[in-house]
């Protein structure tokens with residue numbers, strides 16, 4: 001556990017709360033030992049596993065004596081300070097997700113090498129609980145000493161939090177108690193320590209038949225040598241979960257399986273294009289279960305679009321089996337269908353269904369390989385980061401000031417000055433800011449949407465006439481707006497047609513199928529599949545009320 005030099009009062013309280021959870025282990029362990037029939041003299045944890053790396057409070061943690069192993073690990077994670085959780089991306093795995101991930105792994109129906117199952121970011125060992133429990137249940141007729149030795153060889157986890165590792169070893173050791181209880185008293189030694197303190201990114205031999213993990217989430221500030229180490233999967237900012245996924249590909253044996261709880265952002269987005277290529281080449285995605293709920297997934301309060309992904313190290317599967325799961329309230333799983341990842345461009349966002357109705361759309365898209373660039377269009381982000389220019393921005397137009405176009409100004413098919421932004425409407429550019437002056441027609445698209453918003457794509461054309469008559473001939477576009485521009489004067493994809501297409505329900509569904517986040521990025525807009533020029537020509541000739549139906553028909 002990382003401890004700051006001068007912790008705040010709240011952080012001190014949270015650290016004490018974490019120690020309270022650890023203080024529950026002696027009574028929790030004694031109860032588990034009693035339930036397997038061990039006599040009182042063998043119920044002390046001190047006879048079964050080593051001392052913790054810190055002195056435990058001399059009191060019993062409240063309400064945890066009869067908790068499950070999962071609940072004990074979650075209680076520890078929730079007790080950590082927010083600073084500690086965010087600094088290390090700690091978000092321990094709830095039982096519902098752990099069980100669902102193992103169901104997806106088992107449904108691959110692949111022959112898994114049994115030699116080693118590892119978790120390189122194990123926390124308190126939640127993801128190893130199910131296989132260890134099944135291992136013990138299957139060893140009822142095996143000599144217990146042999147079974148315990150085999151368990152130590154079969155399961156391994158590593159984490160950089162020594163307290164979590166100690167707790168996890170206690171939780172997993174409790175699963176091994178039935179074997180330990182069958183040993184003659186003279187043969188009882190300390191139970192195997194399946195978890196160890198270390199760095200899950202250390203280079204390891206490719207011997208794991210199974211890598212299972214819930215890696216840390218969050219931007220990774222990598223030193224140059226580490227960035228070079230993971231360069232094959234990095235593009236732009238690095239995220240810890242992407243680095244751990246790359247390491248898992250290297251750690252898995254040929255034919256092995258990687259099962260992971262991940263943010264959905266790796267499915268699309270520019271920063272993960274190299275990671276997608278690596279996965280498609282070496283460990284293709286076999287199964288994907290999307291978690292519908294953004295909140296309530298992790299007890300520690302993480303808000304993240306999440307999925308359960310199973311990869312098979314070896315030849316690409318013919319398609320990816322997709323499903324969705326609700327976590328809040330009753331856990332339900334819904335089958336979404338199957339989809340294929342484009343082998344010719346695996347770095348592009350992966351088109352995968354978000355609802356059962358998306359399958360026909362995804363199947364039809366394969367027949368339309370064009371992109372915006374094929375018709376002269378490029379997409380970029382508005383250049384104004386407003387909080388870097390606060391002194392230059394105001395409500396009143398001063399000499400030479402330009403109007404700012406905000407995301408709130410962009411609505412479906414129109415751009416209007418939202419009253420919510422009137423106090424920050426004008427900006428005076430300095431000489432070094434002139435690159436932000438915008439004087440040409442474009443299509444503007446909101447860059448950030450909310451999960452509950454009915455649409456992801458909200459687009460409007462900033463025509464030459466509107467730019468001249470409504471905005472004074474020049475604007476500055478804020479960076480929560482995507483700017484689409486065309487370099488070809490006679491492009492078959494006109495600004496009016498492009499705006500109309502982006503605002504159809506079909507393209508909104510298509511965009512949702514290629515990204516796992518609520519953000520609308522320039523990269524993913526440029527990756528949207530489009531039909532050939534002759535199809536665009538027929539669409540351009542249609543009246544507006546017929547276009548949406550024609551688009552829906554063309555895209556299945």
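The values are calculated or read from the model by the stated rules, or taken from the named source; none is laboratory data. Every value quoted in this text rests on a predicted model; they were computed, and no experiment measured them. As a convention, Cβ positions derive from the backbone with ideal geometry for all residues, glycine included, and neighbour counts pool all protein chains shown.
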Name the residues in region 271-286 that are outside any helix (DSSP H, G or I) and surrounded by fewer than 22 Cβ atoms within 10 Å (Cβ to Cβ), would you?
284
Within region 236-283, the count of residues that are closer than 19 Å to residue 336 by Cα and out of contact with any helix residue (DSSP H, G or I) (no Cβ under 9 Å at 6 or more places or on another chain) comes to 1
What number goes with the only condition from (1) buried (at least 16 other Cβ atoms within 10 Å of the Cβ); (2) touching a residue at least 40 places away in the same chain (Cβ under 8 Å) that residue 152 does not pass?
(1)
Being touching a residue at least 40 places away in the same chain (Cβ under 8 Å) and at positive phi is the filter here; which residues of region 437-488 pass it?
472
I need the full set of residues from region 206-235 which are touching a residue at least 40 places away in the same chain (Cβ under 8 Å) and out of contact with any helix residue (DSSP H, G or I) (no Cβ under 7 Å at 6 or more places or on another chain), in order please.
207, 209, 210
When the residues of region 68-93 are filtered to those that are closer than 24 Å to residue 326 by Cβ and out of contact with any helix residue (DSSP H, G or I) (no Cβ under 6 Å at 6 or more places or on another chain), which remaining residue is modelled with the lowest pLDDT?
91
Can you find a residue that is touching a strand residue (DSSP E or B) at 6+ places or on another chain (Cβ under 8 Å), closer than 21 Å to residue 459 by Cα and touching a residue at least 40 places away in the same chain (Cβ under 8 Å) anywhere in region 334-345?
no
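Which one is surrounded by the fewest Cβ atoms within 10 Å (Cβ to Cβ) among residues in region 138-149 that are outside any helix (DSSP H, G or I) and out of contact with any helix residue (DSSP H, G or I) (no Cβ under 7 Å at 6 or more places or on another chain)?
Looking only at region 138-149, we keep the residues that are outside any helix (DSSP H, G or I), and these are 138-143.
Within this subset, residues satisfying the condition of being out of contact with any helix residue (DSSP H, G or I) (no Cβ under 7 Å at 6 or more places or on another chain) are 138, 140-143.
Numbers: 138: 10, 140: 11, 141: 6, 142: 15, 143: 12.
This residue is 141.
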Qualifying residue in region 297-312 (condition: at pLDDT below 80, surrounded by 14 or more Cβ atoms within 10 Å (Cβ to Cβ) and either assigned by TED's automatic domain parsing to the domain that holds residue 491 or closer than 30 Å to residue 479 by Cα (or both))
yes
